[in-house]
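*Asks:* One structure, as structure tokens, below. Some questions next.
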Amino acid sequence: MTTTLTNGTNPFEGGLSVARPTADEIVRIHQLGAAKISADIASLDTFHQIHRHNSDSLWGVYAGDGALVGFFAFLMLTSDGVERLISGDLNTRAPTIDALAKTGEAPNAIYIWALVAEKKTANALPLILGAFDAAVYARTDLYARPATEGGLRLMAKVGFKPLGEGEIEPGELCVFRRSIVPTRIQYPGRSETAHAFV
């Protein structure tokens, strides 16, 4: 089943939904990230700044009662931002706005900046990335660094590859090439616990 994401909340299997968070909800997203990923993640001010610059950067995953149970955060990178990411010159904990595309601008690549997706909430990733099949995101490569074994397995299943040789390692920058062959990411639906670095 394909779900088209809009500005509203969109349900998916299991009674969960995904939606762009309000500014107030970003505080809860940041708290969840600090608890599940690291207390040393990007600052709350940085989360707000990224969200203001591009409203597609943050997505909350919500239970049927409205409780926040996960989130996905992205950096929509300009060509300069991509070059800096690959070279290691981009400070992903506090990226400068000049490295990021604004709302409505086509990014040169999307960096999966942070995610907290435990058990079936990991199934929200294909739904959210489905929004990136729109014209503004067509054939845009995805980059990510897995922070846990669950995140590593999730990335391997959907087709991420390391930039270098060998297998994906935790913390290693990986890419999913959509610029070469247009494709939709599909996740087989196993329960996973996945986290990615900020």
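Please treat every number below as a calculation from the coordinates, not as lab data. Please read all numbers here as calculations on a predicted model, not as lab measurements. Note that each Cβ is placed from the backbone with ideal geometry, even for glycine, and that neighbours are counted across all protein chains shown.
*Asks:* Less than 20 Å apart at the alpha-carbon level, and either on another chain or at least 8 residues along: which aspartates and glutamates does that give for LYS36?
*Replies:* Straight-distance partners of LYS36: ASP24, GLU25, ASP45, GLU118, GLU149, GLU169, GLU172, GLU192.
*Asks:* Still on this structure: May I ask you to derive the FRET efficiency for ARG177 and ASP45 from their Cβ-Cβ distance with R0 = 30 Å, giving the value to the nearest 0.05?
*Replies:* 0.35
*Asks:* So how do 46-56, 158-168, 22-32 stack up, highest first, on mean other-Cβ count within 10 Å?
*Replies:* Values: 46-56: 18.5, 158-168: 13.1, 22-32: 15.3.
Per-residue Cβ counts within 10 Å, averaged per peptide and sorted highest first, yield 46-56, 22-32, 158-168.
*Asks:* Give, in nm to one decimal, the length gained when the segment between LEU68 and ASP80 is fully stretched (0.36 nm per residue of separation minus the Cα-Cα distance).
*Replies:* 1.0 nm
*Asks:* Relative contact order, percent, of region 47-115 when contacts are C-alpha pairs under 8 Å separated by at least 6 residues?
*Replies:* Averaging sequence separation for qualifying contacts and normalising by length gives 38 percent for region 47-115.
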